[in-house]
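Novice: Let me begin by handing over the structure; questions about it come next.
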């Protein structure tokens, strides 16, 4: 498989008063294209810091990091922003949708900073992204008219709209019930089957079972990196759960 992410001796140190806190301690890891990786660990284990560095939202204190053949450390803020927008799609626990903006307009936002997308292409690309997550009929809906699961689908469509090579998902099911969480995992598994690499931080062991491999962090280090032996299929798991009552908009 072709390598997508390679980090070697990645270290992140924060200064707190007179004390150095090692959020990451000489982490080395390769992630190939087409992988679906779940990252877990206790609060403070380093998993979120690691993800932020991978997503070019933070910079390491030392160590090397290459992404799709590009060296990342040493790039300025504008270069990092361009890398984020062209290579990554981000999905967060809190959705981060603009409240007075329709689903379609929320999905269009990343394209405003993408010089490769013409203004007359944005609406069609946004509608196609919403269609891919099963929300073609809710393009004109405002976030407060959508359930939590539907809002997260809009957020996934927004992450997809610039055709990223990798999706970084930080606790994407943290605010969702079990069935809706499995529906989101079904979308992720289908995206992964179509070639998109996914790196997902989760504290939920059952959600980690939908990935292809699990990485465990402790005290700023990777202490385990194993393939998922009994991987769950989200479509099959959803069949085991009774159909819910009609979803209501999130409060």
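Novice: For segment 72-95, give me each residue that is surrounded by 13 or more Cβ atoms within 10 Å (Cβ to Cβ) and assigned to a loop (DSSP other than H, G, I, E, B).
Specialist: Hits for segment 72-95 are 72, 73, 75, 93, 95.
Novice: Further question on the same structure: Say we look at segment 139-157 and pick out the residues that are touching a residue at least 60 places away in the same chain (Cβ under 8 Å) and within 12 Å of the chain's Cα centre (by Cα); which of these is farthest from residue 232 (Cα to Cα)?
Specialist: Residue satisfying both the conditions and the ranking: 155.
Novice: Filter segment 193-227 down to the residues that are surrounded by 19 or more Cβ atoms within 10 Å (Cβ to Cβ) and over 17 Å from the mean Cα position of the chain (by Cα), then identify the one that is farthest from residue 43 (Cα to Cα).
Specialist: So the residue we want is 222.
Novice: Go through segment 26-64 residue by residue and tally those that are out of contact with any helix residue (DSSP H, G or I) (no Cβ under 7 Å at 6 or more places or on another chain), crowded, with 16+ Cβ neighbours inside 10 Å and not in a loop (DSSP other than H, G, I, E, B).
Specialist: 12
Novice: Determine whether segment 123-133 contains at least one residue that is in a loop (DSSP other than H, G, I, E, B), in contact with a helix residue (DSSP H, G or I) (Cβ under 9 Å, 6 or more places away or on another chain) and either touching a residue at least 12 places away in the same chain (Cβ under 8 Å) or under 22 Å from residue 175 (Cα atoms) (or both).
Specialist: Yes, some residue in segment 123-133 is in a loop (DSSP other than H, G, I, E, B), in contact with a helix residue (DSSP H, G or I) (Cβ under 9 Å, 6 or more places away or on another chain) and either touching a residue at least 12 places away in the same chain (Cβ under 8 Å) or under 22 Å from residue 175 (Cα atoms) (or both).
Novice: State which residue is modelled with the lowest pLDDT when the search covers only segment 96-113 and only residues that are surrounded by fewer than 17 Cβ atoms within 10 Å (Cβ to Cβ) and not in a helix (DSSP H, G or I).
Specialist: Of everything passing the filter in segment 96-113, 96 is modelled with the lowest pLDDT.
The values are calculated or read from the model by the stated rules, or taken from the named source; none is laboratory data. Because the structure is a prediction, the values reported are computed rather than measured. Please note: Cβ atoms are built from the backbone with ideal geometry, for glycine as well, and neighbour counts cover all protein chains shown.
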